[in-house]
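These notes concern the structure reproduced below.
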Protein chains: 2
Amino acid sequence: MSSIRKIACYLTLMLLLNCVIQGEMIWLSELLEGRMFPEQNMRGDFAIYRDTLELVWSELVWFPVPVSAGNADAEVAFENSWMAERSYGGKRGHEGTDIMASVDEPGYYPVVSITDGIIEQVGWLEKGGWRIGVRSGNGNYYYYAHLASYAKEWNAGEPVEAGELLGYMGDTGYGPEGTTGQFPVHLHLGIYVPLGADQEMAVNPYWMLKYLENKKLSYSY
Amino acid sequence: MSSIRKIACYLTLMLLLNCVIQGEMIWLSELLEGRMFPEQNMRGDFAIYRDTLELVWSELVWFPVPVSAGNADAEVAFENSWMAERSYGGKRGHEGTDIMASVDEPGYYPVVSITDGIIEQVGWLEKGGWRIGVRSGNGNYYYYAHLASYAKEWNAGEPVEAGELLGYMGDTGYGPEGTTGQFPVHLHLGIYVPLGADQEMAVNPYWMLKYLENKKLSYSY
């Protein structure tokens with residue numbers, strides 16, 4: 001092979017390589033744009049999360065514990081314990097709000113569904129005791145834990161309306177099935193929003209419960 | 001050049017190219033992991049936005065319009081108009097909440113600061129009329145628009161306390177400085193959270209105002 005032919009062959013090869021690399025560079029830079037300048041995507045991302053939370057707010061109907069038509073001393077109280085430390089079952093942050101009862105008697109206070117939805121989970125959990133999980137039409141999950149008993153034999157898939165009696169406040173959980181009395185009677189409420197295909201994430205129910213304080217049903221108890 | 005030498009040369013080149021491409025593929029796959037499996041990052045992203053909103057909630061102190069100690073007929077009302085269409089100055093979504101007045105008289109209702117903060121903006125805006133913008137310690141921005149007048153001559157940088165009188169509800173805006181009467185007397189409230197270095201984004205004040213409805217000061221008016 002002559003020197004000229006060698007050089008021509010070499011240059012052609014370099015040119016080809018260059019084309020491939022340049023093509024890839026353009027594709028890469030387009031692809032990376034979002035990562036290189038994340039702030040340009042923050043607005044869109046935030047809007048998605050903001051709208052996700054907006055759907056929770058818009059479906060809230062009733063405070064989960066009705067007022068007692070008969071007993072003015074039967075009150076409930078709750079504080080903002082978002083991510084406060086819990087120790088049972090390993091150190092963890094409190095992903096919910098505890099609604100405490102002035103009458104420390106399991107089965108005394110009714111617990112109603114905050115939203116319309118479908119019963120998704122029912123039965124015993126080591127941490128949650130007798131619990132019910134309701135999935136709203138928007139795909140958010142409402143978790144009612146430590147119940148003394150259920151209003152009826154719930155089945156997964158059953159529809160439930162906002163304000164419908166789910167069960168009674170209790171002190172179940174923190175142990176094997178049937179454990180009671182490990183803490184005062186209260187309702188633990190958790191609210192979870194969907195994240196993509198099969199993840200979900202807790203939001204703070206406290207402000208939502210403050211909002212619902214003006215929206216209480218009256219039950220005879 | 002012999003055929004064998006040609007083939008050897010060709011194979012060496014292909015091998016080299018292959019190495020380059022494989023190296024790039026590994027680098028690329030590492031780089032793209034976040035994009036290919038965005039759900040793995042969603043939890044962290046959501047937590048940031050959730051915590052950003054949590055800071056807004058935690059700094060809310062007073063409803064922006066105190067109740068009248070003297071006139072029981074002086075009421076306010078507001079609806080969830082989040083992103084409802086507005087047409088003045090081009091089609092746009094409503095990024096705030098309008099607090100309407102039962103007494104349609106400019107300068108009648110006091111407007112107080114919802115939060116502690118620093119006065120950041122004061123003066124005329126074509127859309128907002130006489131407005132005040134307060135920046136909270138957490139970096140959130142509270143925008144009070146359409147005021148009839150200011151409580152005093154505010155200067156940017158001045159501190160303001162939650163509950164402090166900012167000015168009086170009016171019907172200013174939608175035109176050049178001094179324009180009034182283009183709409184009924186009301187307070188437009190906007191709440192904006194910071195997004196990275198120098199962007200911000202509106203959140204819906206409606207649920208926050210519902211929460212603050214139980215936290216009203218009483219003023220003599």
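A straight line joining the Cα centroids of region A:153-221 and region B:166-199 runs 40 Å. Protein-only accessible surface at a 1.4 angstrom probe places the residues A:Tyr10, B:Tyr221 in the order A:Tyr10, B:Tyr221, largest first. Compute the acute angle (0 to 90°) between the alpha-carbon long axis of helix B:3-36 and the principal axis of greatest extent of the alpha-carbon atoms of chain B; round to the nearest 10°. Tilt relative to chain B: about 20 degrees. Placing unit charges on each Cβ (+1 for Lys and Arg, -1 for Asp and Glu) gives the protein assembly as shown a dipole about its Cα centre, and among A:Asn140, B:Gly170, B:Ile48 the Cα reaching farthest toward its positive end belongs to B:Ile48.
Let me know the longest stretch in chain B that avoids all trypsin sites (Lys or Arg not before Pro) found in a DSSP loop with at most 11 other C-beta atoms within 10 Å. Within chain B, the longest run free of exposed trypsin sites (Lys or Arg not before Pro) spans B:1-90. Scanning residues 5 or more positions from B:Leu166 or on other chains, those with amide H under 5 Å from its amide H are B:Val111, B:Val112, B:Ser113, with H placed 1.01 Å from N in the peptide plane. Taking every protein chain into account, the 1.4 Å probe leaves A:Leu53 with about 20 Å² of accessible area, to the nearest ten.
Comment: the Cα-to-Cβ extended label point of B:Lys127, at 7 Å, lies 4.4 nm from its counterparts in the other copies, nearest first. Within chain A, the longest run free of GluC sites (Glu not before Pro) that sit in a DSSP loop with at most 13 other Cβ atoms within 10 Å is A:1-78. With an a/c value under 1.5 for the gyration tensor axes a ≥ b ≥ c computed over the alpha-carbon atoms, region B:121-221 is described as rounded. For B:Lys215, the lysines whose Cα comes closer than 24 Å to its Cα, not counting residues fewer than 8 places off in the same chain, are A:Lys210, A:Lys215, A:Lys216. The alpha-carbon of A:Lys6 sits under 27 angstrom from the alpha-carbons of these lysines, leaving out residues fewer than 8 places away in its chain: B:Lys6. Taking all protein chains together and rolling a 1.4 Å probe, A:Ser3 ends up with roughly 90 Å² accessible. Remark on A:Glu75: its backbone amide H falls under 5 Å from those of A:Ser102, A:Val103, a criterion applied only to residues 5 or more positions apart or on other chains, H modelled at 1.01 Å from N.
Remark: region A:46-219 carries a charge dipole of roughly 240 debye about the Cα centre, counting +1 on each Lys and Arg Cβ and -1 on each Asp and Glu Cβ.
Taking the longest Cα principal axis of chain A as reference, the axis of helix A:39-59 is set at about 20 degrees. Taking θ as phi - 60° and the Karplus parameters 6.51, -1.76 and 1.60, the scalar couplings of region B:112-117 work out to 10, 6, 5, 10, 5, x Hz in sequence order, x denoting glycine and proline.
Among the residues of A:200-210, the average count of other protein chain beta-carbon atoms within 10 Å of the residue beta-carbon is 4.
The values are calculated or read from the model by the stated rules, or taken from the named source; none is laboratory data. Keep in mind it's a predicted model, so treat the numbers as computed, not measured. A quick note on method: Cβ atoms are made from the backbone with ideal geometry, for glycine too, and the neighbour counts reach across all protein chains shown. Accessible surface areas use protein heavy atoms only, side chains included; no ligands, DNA or RNA. Shrake-Rupley method; radii C 1.70, N 1.55, O 1.52, S 1.80 Å.
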